[in-house]
Structures are given as C-alpha cells and as structure tokens.
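The values are calculated or read from the model by the stated rules, or taken from the named source; none is laboratory data. Treat the numbers as computed from the prediction; the structure is a model and nothing was measured. Cβ coordinates were reconstructed from backbone atoms using ideal geometry, including for glycine residues, and neighbour counts include every protein chain displayed.
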Amino acid sequence: MFEHLDDPRPPAFGAGARHAVVRRAHRRRRRQLAGGMGVAAAALVAGAGGLYGRAAWRAGHIDRVDVASTGPVADGEPVTFLVRGVDGGTEPGGEGGRSDTLLLARLDPAAGTASVLSVPRDLLVREAASGTRVRINQLPVDRQVSAVESQLGVPVDHVVEVDFAGFQALVERAGGVRVRVDAPVRDRLTGLYIDEPGCVTLGGEQALALVRSRHTEVLDAAGRWVEDPMADLARTSLQRAVLVAALADLSGRVDPISADRLAGWAAEHLTLDDSLGTDELVDLARYVLALDPAAVTEMLLPVVPSPEDANRLDVDPAAGPPAIDAFREGTSLPEQPGDPSPIAAC
Amino acid sequence: MRSTTRQPPSFEERFADLASLAYRVAFRLTGDRAESEDLAQEALARAYLRWRRVAGYDEAWVARVTTNLAIGRWRRHRRVELRAPGHEPPRRHQRPADPLDRLEVVRVLRSLPRRQREAVALRYLADLPEADVAAHLGCSVGAVKQHTHRGLAALRRAAEQAPHDEETTGVRASR
C-alpha cells in the first residue's frame, strides 16, 4: 500500500543506536522529574493509597462524544483543548447542546504551564460546506474544531464540554468569583443584577447569569439602563477569571478525597471526546491539580467588529496573529491593551 | 518475529526490529531520513521508559506512537508554512510517480476519525497483520477490516482530487 513511500536504503539500527535511545530516555526521564515534581508527588500518593482507583473509575463514567480529528497525545507533549460551555438542555426555552462560551486551553506538562485563549462566540468563521460566514457558536462541535484548526491555525487535540450546572458548581466550590463593575449591571433575561459599583464576589448563580448574559445593560449617569456593546467581551474575560479562580482553588488538592470529588463532578457535568483515554485524562487531571496558578496565562482573542455586521467579530488583523502564534507555541501571551469593558475580573 | 516464550523479550532483544519498524512508519509519513531517525529514536526512548507495559504489544505501540509523533511534527511544519501567507507550502520530497503524495497521506490520516486512523496506520504503515491490529485496538478483525476499508476509501478520494486543493487558512490569508 505505501511501499512506494519507503526509503530504498534504510539505516541499520545497531548497538550504537540503542545506546543513543537509552541516553535519550534517561534525559527525558530527568526532564519529566524536574518539570513535574507535583505530578510525581501526586503519583506517589496514588501509589500509596490506591484510593485513586475510585476516582479513575468514576472518571470512566464521563459522557463521551465522537469528534473527528481529535486524537490521543503522546506523553509529555503539550495538549490543546477546545473547552465549550454548553446549555445542558434543561433550561426552559434553551437550545440544548449549543455552545454558549468557547475557549482554548493549552497544557504543557514539560514546561509546567497552561494558557487560556477565549474565543468570542460572535466570531465569524467560514463554514466549509457552504462558504458562507457564520458565528462560530452556531457550528456543531466537529465543525468548530475544524474552523479553529483551519482558520485560526490552532490544532485541537481534545474537546471538553462543561454544562451550566457544572460551571455553577465550580464557582461555588471556589468560593465565588470576584468581579469589578464600573456601574450597576443587569440582564433581565438571565437574572443578572449587580447593584453596587466596585469589586463584588458573585456566587454560582450570579456568575452563571453573568457569563450567559447576551443583553447586558449598564446604568448610565442619567439613571437609564443602556445595553452595553462591550459586555460580551467582558463576559468572555470573566469566563477566564472563573477558570483561573477554580484552578487556584483546586491546585494542590492531590489527596484521594478531592480527586474523588473532582471525578464525581466531572462524571456529572463534563462531556469529553472519545479519543481521550482514561489514563491520559487521569494524567492530565493530576497535572492540572499540581499546576501553580501563577503559571496560568490567559487572554481574549484580539477581535474587531466585522465590516459585514457590527454585531459580529473578526480576528484583529494586527493583534490577532501574534496572540494566536504565542498561544500555539506556548510562549508568553502578549500584553492586552486596557480593557474598555464595564465589567472585569477583580 | 515475536518471541514465543512466556518471559517477555527484553528491550535489547527487540530494539533492532522495533527501530526499523518505527523508521519505516516515520519515513512513509515524512520522507526525511534525519527526521525519521529522530522520530524512531524518540518513539523507542518512550518505549524504553515504559517497557514493561509496552512489551506485550510492542510493535503496535511503537507504530502508534511513531504515527502520532510524525503527524504532530507535520502539524508544526504546517504552522511554519502558515506564517508565510501567499506562498504555496513546499511540496516536500514529492516524486512525480507517487500514487499518493506524502502530504496527502498525512493530511487524510489526520482528518480520519481516530479508530480509522489507527487501524490504517497499524495495518498499512506498520504492515501489522489484521489480528494484531484488532488485538491492539481492542476490537474484532471484522471491525478492523471495516475501519481500514473506510480509511483507504478516504485516501483514494484524496488521491483522485486535484493535488492543490488544501483548505487554506484564514486569519492571515484572508486579509
């Protein structure tokens, strides 16, 4: 079948090659040990207790979805997830399974870092079949993956979906999320209401109302409620704030009981692509638990209003490509200019 | 090829065969000697580190890891190509007589559902027997036949299409 692609004179692999491989293996092992002391500690706890078995068993009950073009990642290689916040379908009038929030998360076990790039749901992407441009959140999951890969140029290894109740539970576990508002903010459709300007701690319900908000209104100086066009971008920056707060809360919780609770949460609220094996998942979970929150960088994909429709967004032609490159390569993300939105993480 | 004794063979015993296998898989995907040697070395180093887990199904394991590594590196190459908008990506190592160009093979493999990709890689890149592929993937021989049949059909479709219709990439190219 593929004989025509063969090397006509392949090299011989003798003892010299074997020694080179063994040396490389030892270098790799040292690097892994240096890069993941926390992971090693977690693995020790696991070995000693054996109680992780239950967590792994529960993790085996997470819902799975078949997503073309996702696939397992070799040990120690960086992993990029497409994270989708989805309506669980339980909301009255909700459109089940639609992605309401979208972000890319890249974990680099060798470097001990993680980065998060949020993708506004109003970003316009070209639909491969029809050639028309549509909002990215209107696409089903496999076409979202291919749009991210072919149009943003970020390869996606795995997909994880979190339902709204899971998001709410995560915020509550983390003890709420701190946000700053410049003026009172509300959304009568999602039930968001923050009446005091300044830094406030939102519980799970209000945090969910905020990240779901599409019609955010801000009280202006004249005492009128006006819809704020920047609110959607603010919303996406809050998703990242929640994620980082949740990570900070989870970090260091490598004991079996926390692992079991986390696995129970995952089994209840997550859906994963079916190419993510339980072993790979458990390794990644241990990695995330051992992650230093200071090693997590996050930013919003730089966007500009689209010339086609001011309510839709395009990738910022100047600031977008360097940010995407930095995210993909795992280098530090560029500084983002001052956020003009009325809501921000605090 | 495989030892029939109860005691699993040592890494040292299996090294030459496995390295040749990894090299063949890597070369079929990359067409580059230095890169294929490096990929084979990396795959074997990873096998060495977890030899006890790998030893029962070493050929399938090494073939799968090599395929994933080669496809991963191809993705990195592709990222480099992305940075130069307006330039056609170089068609590396293409020989006019190739019934299926390497870039096409990698691109199609990458786009296949995981089971099909693994079945095609193990069966046709690593030339493993169907029974071994089935044992490694944990499915029946019939399922392997079905996965490889679909995967090969996708490869044939790609071969029949014009060679330059790769979907181009948006952010930079569209502006």
Considering only residues that are acidic (Asp, Glu) and surrounded by fewer than 21 Cβ atoms within 10 Å (Cβ to Cβ), which ones fall in the range A:142-167? A:ASP142
Would you check which residues across the range A:198-212 are crowded, with 20+ Cβ neighbours inside 10 Å and of a type in the set (D, E, K, R) and list them? A:ARG212
Of all residues in the range A:293-330 being of a type outside the set (A, V, I, L, M), out of contact with any strand residue (DSSP E or B) (no Cβ under 9 Å at 6 or more places or on another chain) and modelled with pLDDT of 75 or more, which is nearest to A:THR113 (Cα to Cα)? A:GLU329
Note on the range B:31-43: residues touching a Lys or Arg at 6+ places or on another chain (Cβ under 8 Å) and either buried (at least 24 other Cβ atoms within 10 Å of the Cβ) or closer than 16 Å to A:ARG24 by Cα (or both) are B:GLU35, B:LEU39, B:GLN41, B:GLU42
Residue ID - surrounded by the fewest Cβ atoms within 10 Å (Cβ to Cβ), chosen from residues in the range A:1-14 that are in contact with an Asp or Glu (Cβ under 9 Å, 6 or more places away or on another chain) and over 11 Å from B:ARG28 (Cα atoms): A:PRO11
Matching residues in the range A:271-281 - criterion: being β-branched (Val, Ile, Thr) and at pLDDT 75 or above: A:THR271
Test A:LEU170 against the criterion of being buried (at least 20 other Cβ atoms within 10 Å of the Cβ) and modelled with pLDDT of 85 or more, and give yes or no. no
Here is a list of conditions, (1) at pLDDT below 85; (2) outside any loop (DSSP other than H, G, I, E, B), and B:ARG64 meets all of them except one; can you say which number that is? (1)
Applying the selection to the range A:4-34, what residues are more than 9 Å from chain B (Cβ to nearest Cβ), in a helix (DSSP H, G or I) and modelled with pLDDT of 80 or more? A:GLY16, A:HIS19
So is B:ARG46 in a helix (DSSP H, G or I), of a type in the set (D, E, K, R) and farther than 21 Å from A:GLU3 by Cβ or not? yes
If A:SER69 passes every condition in (1) within 14 Å of another protein chain (Cβ to nearest Cβ); (2) at pLDDT below 65; (3) surrounded by fewer than 18 Cβ atoms within 10 Å (Cβ to Cβ) but one, which one does it miss? (3)
Of everything in the range A:141-154, what is within 12 Å of chain B (Cβ to nearest Cβ) and either assigned to a helix (DSSP H, G or I) or among the small types (Gly, Ala, Ser) (or both)? Give them in sequence order. A:ASP142, A:VAL145, A:SER146, A:ALA147, A:VAL148, A:GLU149, A:SER150, A:GLN151, A:LEU152, A:GLY153
Which residue is farthest from A:PHE13 (Cα to Cα), if the candidates are limited to the range B:22-43 and must be more than 10 Å from every other protein chain (Cβ to nearest Cβ) and either under 14 Å from the mean Cα position of the chain (by Cα) or not in a helix (DSSP H, G or I) (or both)? B:GLU35
Name the pairs whose Cβ atoms lie under 8 Å apart, with the first residue in the range A:319-331 and more than 11 Å from chain B (Cβ to nearest Cβ), the second basic (Lys, Arg) and surrounded by fewer than 19 Cβ atoms within 10 Å (Cβ to Cβ), and 6 or more positions between them or separate chains? none
Of the residues in the range A:154-181, those that are among the aliphatic types (A, V, I, L, M) and farther than 22 Å from A:GLY264 by Cβ come to A:VAL154, A:VAL156, A:VAL179, A:VAL181
Among the residues of the range A:155-172, which ones are over 16 Å from A:ALA285 (Cα atoms), part of a loop (DSSP other than H, G, I, E, B) and within 13 Å of the chain's Cα centre (by Cα)? A:VAL156
B:ALA63 passes all but one of the listed conditions (1) in contact with a Ser or Thr (Cβ under 9 Å, 6 or more places away or on another chain); (2) away from chain A (no Cβ under 11 Å); (3) crowded, with 24+ Cβ neighbours inside 10 Å; the exception is number (1)
For the range A:131-140, state whether one or more residues are away from chain B (no Cβ under 14 Å) and part of a helix (DSSP H, G or I). yes
